[in-house]
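The structure appears below as structure tokens.
The values are calculated or read from the model by the stated rules, or taken from the named source; none is laboratory data. Computed from a predicted model, the values in this text were never measured in an experiment. Cβ coordinates were reconstructed from backbone atoms using ideal geometry, including for glycine residues, and neighbour counts include every protein chain displayed. Please note that ligands, DNA and RNA were not included when accessible areas were found on the heavy atoms of the full protein model with its side chains. Shrake-Rupley method; radii C 1.70, N 1.55, O 1.52, S 1.80 Å.
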Amino acid sequence: MIAFGPVPSRRLGKSLGVNNIPRKVCTYDCVYCQIGKTELLSVDRRNFFKVDRIIKEVSKRAKSSKFDYITFVPDGEPTLDINLEEEIKALKDLGKIAVITNASLLWIEEVREALYQADWVSVKIDAATKETWKKIDRPHPSLSFDRVIEGIRKFSEGFNGISVSETMLVSNYNDSEDELEEIASLLKDLNLSKAYISTPTRPPAYDVKPASDDALDRAYMLISSRGIDVEILSRPEVGFFDIGDDPKKGILSITAVHPMRETDLVRALKEKGYDFSVVEKLLSEKRLEVLEYGGVKFYRKR
Ligand code: SF4
């Protein structure tokens, strides 16, 4: 399913998700990725799903849901979709559009033009140096750190909507005082509307640990001391996951992008009059997997 949810989002309220990219096709292979290791590391922008299909599926879902944003948040990098501009333009009449991108292709003018059509855009800034960027985001070898940062700068200068950054802090990768100082300076320089800092709260693709509360506090102090509006996102989102009328499809489409806690799954199923046997069936069919992280069980599409 291309359209999923709405799901609760810590930044956007109720978010109606659009998954416009096949599973784990991405320009990065981030160590902390919550949907697993990248299966196709690529920088080739191309056609994936038919534009008509995306518009039809999202419109249908939008008509039967209440949401704050229609959000392009696939299980890959949304700007790899060459039709993104056309899709955003076509969906704008249904509500506000958000795009969550790793920003690696913003140096391409057509990508910036596509994102100028959105109302809210989140760009990933996990590092202020090439070395840390390569370590944490594991980019496609053809990408250049300087070009990525220049792309973000150009985008933020030309964008009339709300542009925010998201920085994922990972223990021993980008949470030292020196790294945080440099990230804070870079954020100041880029002049975005708001900086969000988070740390992995779901099972990561590689064996990495979340940053400590001390590191998150330090990041907050360093960034806010430069006059930047900053918020720490260390708690799970609170709210209701809408699995729609077909519970199997609904669960698989959400957990492809957004692994769910058992408590959230139980609640979502109960809301639609189903019990946990739906999940047990998906597990026995090997379409869903269960992972433990921080003592919590998460369910993810296989
Ligand atoms: S976190 Fe985002 S950018 Fe990083 S590998 Fe996963 S999908 Fe790609």
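A few remarks follow.
- Qualifying positions in the stretch 37-68 - crowded, with 20+ Cβ neighbours inside 10 Å and within 16 Å of the ligand (Cβ to nearest atom): Thr38
- Qualifying residue in the stretch 18-34 (condition: away from the ligand (no atom under 15 Å from the Cβ) and at pLDDT 95 or above): no
- Selection within the stretch 69-88 - without any contact (Cβ under 8 Å) to a residue 60 or more places away in the chain, within 19 Å of Gly13 (Cα to Cα) and away from the ligand (no atom under 15 Å from the Cβ): Ile70
- Among the residues of the stretch 89-106, those identified as free of Cβ contacts under 8 Å to residues at least 60 places away in the same chain and within 16 Å of the ligand (Cβ to nearest atom) are Val99, Thr101, Ala103, Leu106.
- Near pairs, Cβ below 7 angstrom, 6+ apart or cross-chain, from the stretch 143-158 (farther than 21 Å from Asp119 by Cα) to any residue that is among the charged types (D, E, K, R): Phe145/Lys130
- Output for the stretch 188-212, where each listed residue is over 29 Å from Glu157 (Cβ atoms), open to solvent by 40 Å² or more (accessible area, probe 1.4 Å) and of a type outside the set (Gly, Ala, Ser): Tyr206, Asp207, Lys209, Pro210
- Failed criterion for Gly13 (all others in (1) in contact (Cβ under 8 Å) with a residue 40 or more places away in the chain; (2) farther than 30 Å from Gly294 by Cα; (3) among the small types (Gly, Ala, Ser) hold): (2)
- When residues of the stretch 69-95 are limited to those that are in a loop (DSSP other than H, G, I, E, B) and among the hydrophobic types (A, V, I, L, M, F, W, C), the one surrounded by the fewest Cβ atoms within 10 Å (Cβ to Cβ): Ile82
- Matching residues, the stretch 40-69, being in contact with an Asp or Glu (Cβ under 6 Å, 6 or more places away or on another chain) and among the polar types (S, T, N, Q): none
- Total residues in the stretch 150-187, condition of a type in the set (A, V, I, L, M) and within 16 Å of the ligand (Cβ to nearest atom): 5
Yes or no, residue by residue, for (1) under 19 Å from Phe67 (Cα atoms); (2) free of Cβ contacts under 8 Å to residues at least 60 places away in the same chain; (3) part of a strand (DSSP E or B); (4) open to solvent by less than 70 Å² (accessible area, probe 1.4 Å):
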position	(1), (2), (3), (4)
Ile228	no, yes, no, yes
Phe241	yes, no, no, yes
Lys248	no, yes, no, yes
Ile251	yes, yes, no, yes
Thr263	no, yes, no, no
Arg267	yes, yes, no, no
Val278	no, yes, no, yes
Leu291	no, no, yes, yes
Tyr299	no, yes, yes, yes
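- In this structure, Ile232 qualifies as among the β-branched types (Val, Ile, Thr), under 29 Å from Val290 (Cβ atoms), in contact with a helix residue (DSSP H, G or I) (Cβ under 6 Å, 6 or more places away or on another chain) and surrounded by fewer than 18 Cβ atoms within 10 Å (Cβ to Cβ).
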